[in-house]
Amino acid sequence: MNTTTLLLYTSSCFIGALIPGPTSLLAMANGTSRNRQLVAVGMAGAALSDVLIIAAVGLGLGAMLMASQQLFMALKWLGVCYLAWLGIQLWRSAPQALGAQQVQAGSRRVEVFRRSFSVAMTNPKVLLFFTAFLPQFVDPAQPVLIQYATLALVTAVVEVLVMGLYAAGGVQAAKFLTASGMRRLNQCCGAAMLALAGFLALYRRS
């Protein structure tokens, strides 16, 4: 893989990551907690999902998903239900956003990690996107495993950087908004999550 190809993929990945999605909304919600550990574990969950999805694409599981209508529909509706549930949770959450419940800090970190990881892993559009997009940057004449590992690393780094931007936005919102303003921000994130669930429900493969 040459430098030009890698830069092209990185820039394309960065532009795609900037578009608001479930993981970026969760990063912003985590940022409103002003808890660096919660933000960090949320990023780690999303980054790990990217690595695993690209590994699945490299192993051919993405092509299997594209070939099986039943498998695609099962994963699609699982993702719809999970996004809708998260949207409702965000809408109803207290100003501290995610992890507002009075539980131990360790449990909060596990829950935030699980949320971010599960959101990406249950989104069939992400797997289909990587299935169609990644192979264009892989040169079959060179070692494929190394190329997929490189692309997975780049994707995870870009995802973390973009989520950091969204989380920083959440931190700034927590500094300047009142409790009622924070609640409205949570409700906006929840409504956006519900809208994403609706878009996923209407999504059809071409």
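Extension gain Ala55-Ala132, at 0.36 nm per residue separation less the Cα-Cα distance, in nm? It would help to have the intermediate numbers written out before the result.
On the way: separation 77, 0.36 × 77 = 27.72 nm, distance 1.40 nm.
In short, 26.3 nm is gained.
Count neighbours as other Cβ atoms within 10 Å of each site's Cβ, and list the trypsin sites (Lys or Arg not before Pro) in region 112-205 that are DSSP loop with at most 12 such neighbours.
Values: sites: Arg114, Arg115, Lys125, Lys175, Arg183, Arg184, Arg204, Arg205; in loops: Arg204, Arg205.
Passing sites in region 112-205 are Arg204, Arg205.
Could you sort the peptides 26-32, 130-136 by per-residue average Cβ neighbour count (10 Å cutoff), highest mean leading? Mind dumping the intermediate values first?
Details: 26-32: 28.1, 130-136: 16.6.
Put in order of decreasing packing, that is 26-32, 130-136.
If R₀ is 41 angstrom, what is the calculated FRET efficiency for the pair Leu145 and Gln69, using the beta carbon separation as r and rounding to 0.05? Present the calculation step by step, with values, prior to reporting the outcome.
Numbers: r = 30 Å, r/R0 = 0.73.
Given R0 = 41 Å and the Cβ-Cβ separation, E is 0.85.
A short reminder: the numbers here are calculations on the coordinates, not readings from a lab. Please read these numbers as outputs of a predicted model, since none were measured by experiment. Backbone-built Cβ (ideal geometry, glycine too); neighbour counts: all protein chains shown.
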